[in-house]
Ligand SMILES: Nc1ncnc2c1ncn2[C@@H]1O[C@H](COP(=O)(O)OP(=O)(O)OP(=O)(O)O)[C@@H](O)[C@H]1O
């Protein structure tokens with residue numbers, strides 16, 4: 001099996017006027033296509049920096065990133081958008097607030113294609129959009145003609161997740177995507193996330209501070225501490241882990 005992504009001897013050093021800090025240090029990790037990886041770490045451990053490097057928003061100071069056997073270390077975030085989708089913590093990011101839910105879904109379906117004939121396409125694709133919406137949690141199917149700015153946080157994050165996965169990215173990055181939601185909405189989106197990843201066989205890296213979710217979902221678990229990967233649990237070991245053991249790693 002060709003690895004989906006390999007990070008080799010990767011370092012990221014932040015240089016300011018007053019000091020130099022290694023935000024990521026000697027990261028060596030290979031992600032396989034069938035992996036749904038939980039990434040844990042205390043505040044400031046370097047998780048978002050890790051995602052920014054993978055997405056191409058930051059360039060590593062040294063080391064290589066290989067994606068499907070091609071080196072992409074110097075590729076921009078724009079060049080990687082065909083491969084990598086990201087959902088952020090903030091429900092306001094990722095959607096067009098003034099457009100309706102249906103229009104946003106159509107935009108995501110047609111990302112990368114020409115925008116001509118948009119109203120006609122919207123009418124043509126309506127049955128498909130409605131069928132899709134019926135599978136979604138958080139009652140989003142009843143909101144198709146509402147502007148996105150009217151949605152609750154849970155509904156907006158559900159839409160963000162759908163838009164990020166509708167074209168089946170090669171790699172999905174979930175950056176604490178349920179953490180701003182109430183417990184019920186968060187669990188509904190997490191269940192939908194898990195089903196979507198399994199059914200579409202997506203490769204996924206997910207940052208979370210929710211230890212119960214980290215243990216329940218995914219088939220591998222990585223822990224970052226002070227910019228270094230200090231633990232890597234494959235599925236069988238992950239299944240034996242307890243919250244208490246995880247807490248010890250995070251301190
Ligand atoms: N542009 C920057 N300037 C200064 N410090 C930075 C910058 N970016 C990140 N840092 C620092 O680097 C460290 C790692 O940050 P990062 O956001 O990657 O951590 P994190 O694990 O995602 O944390 P959290 O769980 O709080 O989101 C932190 O100490 C942070 O303050």
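The values are calculated or read from the model by the stated rules, or taken from the named source; none is laboratory data. Only a predicted model underlies this, so the values are computations on that prediction, with no experimental measurement involved. Note that we place each Cβ from the backbone using ideal geometry, even for glycine, and neighbour counts take in every protein chain shown.
If only residues of segment 60-82 that are in contact (Cβ under 8 Å) with a residue 24 or more places away in the chain, in contact with a strand residue (DSSP E or B) (Cβ under 6 Å, 6 or more places away or on another chain) and farther than 21 Å from residue 14 by Cβ are counted, the one that is surrounded by the fewest Cβ atoms within 10 Å (Cβ to Cβ) is 66. Among the residues examined, residue 30 qualifies as loosely packed, with under 15 Cβ neighbours inside 10 Å and either within 13 Å of the ligand (Cβ to nearest atom) or not in a loop (DSSP other than H, G, I, E, B) (or both). Does residue 23 qualify as being more than 20 Å from residue 75 (Cα to Cα), modelled with pLDDT of 95 or more, over 16 Å from the mean Cα position of the chain (by Cα) and surrounded by 13 or more Cβ atoms within 10 Å (Cβ to Cβ)? Yes.
Does residue 18 satisfy being more than 13 Å from the ligand (Cβ to nearest atom) and either modelled with pLDDT of 95 or more or surrounded by fewer than 16 Cβ atoms within 10 Å (Cβ to Cβ) (or both)? No; evaluated as a whole, the condition is false for this residue.
Does residue 58 meet the test of being within 15 Å of the ligand (Cβ to nearest atom), part of a loop (DSSP other than H, G, I, E, B) and either at pLDDT 90 or above or over 17 Å from the mean Cα position of the chain (by Cα) (or both)? If you could, list the steps in order and put the result at the bottom.
Details: within 15 Å of the ligand (Cβ to nearest atom): yes; part of a loop (DSSP other than H, G, I, E, B): yes; either at pLDDT 90 or above or over 17 Å from the mean Cα position of the chain (by Cα) (or both): yes.
Taking the combined requirement at face value, the residue satisfies it.
Could you identify the single residue in 52, 104, 43 that is within 16 Å of the ligand (Cβ to nearest atom), under 21 Å from residue 173 (Cα atoms) and not in a loop (DSSP other than H, G, I, E, B)? It would help to see each step written out before you state the result.
Numbers: 104 fails: within 16 Å of the ligand (Cβ to nearest atom); 43 fails: not in a loop (DSSP other than H, G, I, E, B).
The unique qualifying residue is 52.
I need the full set of residues from segment 217-241 which are in contact with a helix residue (DSSP H, G or I) (Cβ under 8 Å, 6 or more places away or on another chain) and either assigned to a strand (DSSP E or B) or without any contact (Cβ under 8 Å) to a residue 12 or more places away in the chain (or both), in order please. Once the filter is applied, which keeps residues that are in contact with a helix residue (DSSP H, G or I) (Cβ under 8 Å, 6 or more places away or on another chain) and either assigned to a strand (DSSP E or B) or without any contact (Cβ under 8 Å) to a residue 12 or more places away in the chain (or both), segment 217-241 yields 220, 221, 223, 224, 225, 230, 231. So, residue 110, is that one at pLDDT below 90 and either within 26 Å of residue 4 (Cβ to Cβ) or over 15 Å from the mean Cα position of the chain (by Cα) (or both) or not? Spelling it out, residue 110 is indeed at pLDDT below 90 and either within 26 Å of residue 4 (Cβ to Cβ) or over 15 Å from the mean Cα position of the chain (by Cα) (or both). Scanning segment 169-186 for residues that are within 16 Å of the ligand (Cβ to nearest atom) and more than 13 Å from residue 209 (Cα to Cα) returns a single hit, 173.
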